[in-house]
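Input: a single structure, listed below in C-alpha cells.
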Amino acid sequence: MKLIGLTGGISTGKSTVSTLLKEQNIPIIDADKIARDIVEPGRKANQLIRQHFGDEVFLPDGHLDRPKLGQIIFQDPEKRKILNRCTHPYVRLEMLKQAFIYWVKGADLVIFDVPLLIESKLDRFMSTTVVVYCSDVLQLQRLRKRDNLSEEQALQRMKAQMPMSEKVAKADIVLDNSSDLNQLEIQVKNMTKKLKPSTFTWLFEYAGPPVALVLFAALVKQYAPTLLNTIGDSIATLR
C-alpha cells in the first residue's frame, strides 16, 4: 500500500483536494478530523490541554473553545509547542490504526491529509509528498474571507506555519491552486493516475507480508523439532 502525504498552507486549498480525492473513492486519513475527535470531553488529550492551559480555553460543556485557544497559540510559539505535545501522540496513534485497517481491507494507496506533515517530519514515512500551493497574496485573501479575519490576524496565522516556498521545495508533486476548481480537478486526476500502483505491485505489497508470515510459520513448524534436536546434541557434546 502506497502512503501519500497531502499538505499545504492555511487556505491554499488542501481540503478541496482532499474532497476531490474522496470523490474518486480514495481512502483519506484526515489529521484535522482526528485532532478534533481526540480532544472531545473525557479524552486524554482534552485533560492534558486543561492541565496546561486552564479552564478558560473550555466551554461550559467541556468542549474546547477553539477561537480562544487559537488566539493563544498563534501569538505564542511556545504555547503552540505545548499544545502539539498534548495532541500529536494521540493523533499519530489513530492515524496508524486507520492505515492498518485500510491495509487489511486491501487499499492500494491511502492519503494522509496532514497540515503539518513536513513540520512534524511525517513526510519521511510517505512514498510521495503532495503540496497544494497558491501565491501568498491569494492565500491571504482566501484566509481573510474564509475566517473573517483582519489582515493582521490572517498574516499572524500564515507566519505561524512553515513558508510555502519551503514546503514546495520538499514536495514530490505540487498542485497549483491559483486558478479555478476545474483546473485543480484536472491536476488531481492526473496525479491520481500517476500514483495508482500497478496490479502486480498492489498484489506484492498487499499479499507479500501475510504470505511471508505463513511461510515462516510453516518452516518453523516443520524444522523446529530437527533444529531443537541438533541444538540438544551440540550441548550434550560440549558437556
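Laboratory data are not the source of any read-out in this text; all were calculated from the coordinates shown. These figures come from a predicted structure and were not determined experimentally. Counting neighbours? That spans all protein chains shown, and the Cβs are built from the backbone with ideal geometry, glycine included.
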Tell me, what is the percent relative contact order of region 1-89, built from C-alpha pairs under 8 Å that lie six or more residues apart?
19
Plugging the Kirkwood radius over Cα pairs into Stokes-Einstein for region 1-47, at a temperature of 25 °C and a viscosity of 0.890 mPa s, what D comes out in µm²/s?
197
What does region 36-105 give for Rg and for Dmax, in Å, if only its C-alpha atoms count?
13.7, 43
What net charge is computed for the residues neighbouring residue 140, neighbours being all others with C-beta under 13 Å from the C-beta of residue 140, Lys and Arg scored +1, Asp and Glu -1?
+2
Amide H of residue 2 versus every other amide H placed in the peptide plane: which residues, excluding those fewer than 5 positions away on the same chain, fall under 5 Å?
109, 110
Hey, for a label at residue 176 modelled as a point 7 Å past Cα toward Cβ, could you say which residues of region 126-145 have their backbone N under 13 Å away?
133-135
Given a Förster distance of 35 Å, report the FRET efficiency between residue 192 and residue 84 from their Cβ-Cβ distance, rounded to the nearest 0.05.
0.65
Excluding residue 126 itself, calculate the net charge of residues whose Cβ lies under 10 Å from the Cβ of residue 126, where each Lys or Arg counts +1 and each Asp or Glu counts -1.
0
Could you rank the peptides 116-125, 187-196 by their average count of other C-beta atoms within 10 Å per residue, with the highest value first?
116-125, 187-196
Stokes-Einstein D (µm²/s) once Rh is taken as the Kirkwood radius of region 108-180 over alpha-carbon pairs, at 4 °C in 1.567 mPa s
96
Provide the net charge surrounding residue 117, with neighbours chosen by a C-beta distance below 14 Å and charges set as Lys +1, Arg +1, Asp -1, Glu -1.
-1
Could you tell me whether region 1-130 comes out rounded, prolate or oblate from its Cα gyration tensor? Rule is a ≥ b ≥ c as square roots of the eigenvalues, rounded for a/c under 1.5, then prolate if a/b exceeds b/c, otherwise oblate.
prolate
Over 26 Å between C-alpha atoms is what I'm after, so list which of 121/194; 2/145; 22/196; 44/68; 22/68; 22/44 land there.
2/145; 22/68; 22/44
